[in-house]
Every structure is written in C-alpha cells, then in structure tokens.
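FYI, it's all coordinate maths here, none of it is from the lab. Because the structure is a prediction, the values reported are computed rather than measured. Cβ sites come from the backbone with ideal geometry, for glycine too, and all protein chains shown count toward neighbours.
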Amino acid sequence: MHVDAAIRSRKSVRRFLPLSIPRHVVEHILQVAARAPSGNNVQPWHVHVVSGQAKQALCADLHTAATTQAEQHSAEYHYYPDNWFEPYQGRRRAVGFDLYEALGIERDDLPARNQQMLRNYQFFDAPVGVLISLDRRLNTGSFMDLGMFIQNIMLAARGQGLHTCAQAAFAWYHQIVRRHVPLADHDILVCGIALGHEDREAPENRMETPREQVANFASFHGFHEREASPSTLA
C-alpha cells in the first residue's frame with residue numbers, strides 16, 4: 001500500500017469483525033512503528049498488547065469501573081482544554097453529532113449515547129487491544145515522539161489490511177489497567193488502540209470526518225506560482 005493510500009484510508013473504526021490476528025502480525029506492526037522519529041533516539045514508548053482471555057478479563061473490569069465507579073477515576077494528563085473555544089469546539093461537536101446520527105441515536109438519548117461510549121472499553125470488539133504508556137519523568141517532546149509512534153502503528157496496520165481506533169478513553173482507568181498488565185508506576189497510560197478487521201457493514205464505520213483545506217491551516221513564503229503548479233511538480 002502506498003503511504004498516501006495508507007494515510008487517506010486510515011480512520012477511527014468503531015466496530016470490528018471477530019477475526020483473530022496472529023501475534024507475528026502485531027509484532028511486525030510494532031517493529032515498523034518503532035521507526036518513528038524520536039529526539040536523541042530516546043524511544044519513549046512502552047506497549048502492552050492484550051488479546052483472548054487477557055483482553056476479556058481487562059474489558060470486563062473496565063466496563064464495571066466505567067458503569068459503577070466512573071467518578072473515582074481520572075486520567076493522569078490533560079488531553080482536552082478545560083474550556084472549549086472555536087474553531088475546536090465546533091469540530092468536536094460536529095464529529096459527535098455525525099457519529100450519533102450514523103448510529104441512529106438521538107441527541108437527547110443519553111442512555112444510548114452512554115452505551116456507545118462504553119463500547120470503548122470493549123475495544124469496539126477488536127480482537128487485539130494495544131495499550132500505550134509513557135514514562136512520566138520525560139517531558140513534552142516525548143509526547144510528540146509518542147504521537148508519531150502511535151500514528152506509525154495505525155499506518156503500519158493499514159499496510160497489513162487492518163484498521164484501528166486510537167482511544168484516549170483508557171487513560172481514565174489506568175488503575176484498572178495496572179491490575180492486568182505490568183504498567184510501571186512511573187508510566188502514564190496515554191491511550192489504547194483497537195486493532196482488527198473493519199466491519200464494513202457497520203454504519204459508524206461509514207462516517208468520514210472532514211479535514212480543513214491546506215489554505216486554511218498553512219501559509220507559504222518565498223515560493224513562486226510556477227514552482228507550486230501541479231505540472232511543474234509532476
């Protein structure tokens with residue numbers, strides 16, 4: 001798969017088929033992903049992969065915690081701003097509305113919305129769950145390195161014909177995760193990643209999130225129009 005095709009076809013898949021993935025495929029994906037850029041070659045990522053009974057046991061405990069003890073859990077880092085503002089709030093709302101519309105869930109149907117949220121803790125039925133952590137003694141630059149590593153996982157998965165969903169939702173339940181995998185005390189649980197074969201019949205997987213045009217987020221300086229024309233670059 002051409003890298004452009006991998007990037008363009010990557011998306012957040014929220015329903016997977018019950019098809020197993022061999023360990024060697026997951027190891028290959030992680031080996032490729034580990035070529036991510038890393039300042040001074042620190043390579044700050046730590047990974048725990050769960051499948052089979054190990055995944056089922058983790059998911060069962062996560063579901064219990066999320067339904068009965070949610071107020072007792074919190075993430076160890078701030079992913080989103082404390083106070084939303086535009087244009088980010090509008091984009092956030094739009095993707096939420098689009099997802100619930102695809103699922104046929106009304107905006108005021110809080111029980112149905114909550115049930116969809118809880119599916120995070122089943123890795124959306126993916127056969128493999130990947131848990132990503134980072135040593136808390138490192139600094140902001142290592143978060144950037146980790147982001148590139150996570151992106152590499154998702155693109156390498158596309159190269160194997162697989163799909164993913166990166167899930168910050170797991171960060172809130174790091175205490176539960178620590179009971180199931182050897183997550184070091186000095187590690188922050190950053191996210192989970194669902195990995196598997198896309199269920200192409202699922203309506204939520206047909207949703208495509210929009211992206212801003214380059215002109216809306218980039219400026220160019222010192223170029224000539226002739227240099228930037230497609231005919232010149234071909």
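Using a Förster radius of 30 Å, what is the FRET efficiency between ASP135 and VAL32 based on their Cβ-Cβ separation? Nearest 0.05, please.
For R0 = 30 Å, the calculated efficiency reads 0.85.
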**Prompt:** At ARG211 and ARG8, where each label point lies 7 Å from the Cα along Cα→Cβ, what is the point-to-point distance in nanometres?
**Reply:** 1.0 nm
**Asked** Counting every Cα pair in the range 162-227, what percent are over 16 Å apart?
**Response** 70 percent
**Complete:** Where a ≥ b ≥ c are root eigenvalues of the Cα gyration tensor, a/c under 1.5 meaning rounded, otherwise prolate if a/b exceeds b/c and oblate otherwise, the range 1-137 counts as rounded
**Prompt:** Quick one: net charge of ALA202's neighbours, Cβ under 15 Å, K/R +1, D/E -1?
**Reply:** -2
**Request:** Once you have the Cα-Cα distance between ALA168 and PHE85, take 0.36 nm times their residue separation minus that, and quote the gain in nm to one decimal.
**Result:** 27.8 nm
**Prompt:** Let a ≥ b ≥ c be the square roots of the eigenvalues of the Cα gyration tensor of the range 113-201; is it rounded (a/c under 1.5), or, if not, prolate (a/b larger than b/c) or oblate?
**Reply:** oblate
**Asked** Against the longest principal axis of the chain, how steep is helix 88-103, in degrees 0 to 90 to the nearest 10, with axes from Cα atoms?
**Response** 60 degrees
**Scattering curve values for the range 74-128, log₁₀ I(q)/I(0), Debye with Cα scatterers, q = 0.16, 0.24 Å⁻¹** = -0.69, -1.09
**Request:** Could you tell me how many degrees, from 0 to 90 and to the nearest 10, lie between the Cα long axis of helix 52-68 and the main elongation axis, the longest principal axis, of the Cα atoms of the chain?
**Result:** 80 degrees
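Counting Lys and Arg as +1 and Asp and Glu as -1, what is the net charge of the other residues whose Cβ lies under 15 Å from the Cβ of ILE132?
Computed value for this residue: -2.
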**Asked** What's log10 of I(q)/I(0) for the range 158-198 at q = 0.15, 0.25, 0.35 Å⁻¹, Debye sum over Cα points only, no solvent?
**Response** -0.45, -0.83, -1.17
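Diagonalise the Cα gyration tensor of the range 49-199 and give the resulting equivalent ellipsoid semi-axes, square root of 5 times each eigenvalue, largest first, whole Å. All intermediate terms of the calculation are to be shown ahead of the outcome.
Numbers: eigenvalues 108, 79, 69 Å².
That gives 23, 20, 19 Å for the three semi-axes.
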**Fill in**
Lys and Arg at +1, Asp and Glu at -1: neighbours of TYR88 with Cβ under 13 Å from its Cβ sum to 0
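If the chain between GLN69 and LEU110 were fully stretched, how many nm would it gain, using 0.36 nm times the residue separation less the Cα-Cα distance?
So the chain would gain 13.0 nm between GLN69 and LEU110.
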**Item:** Expected 222 nm ellipticity per residue - DSSP helices of 4 or more, -39500 (n - 2.57), all of the chain, to 500
**Value:** -12000 deg cm²/dmol
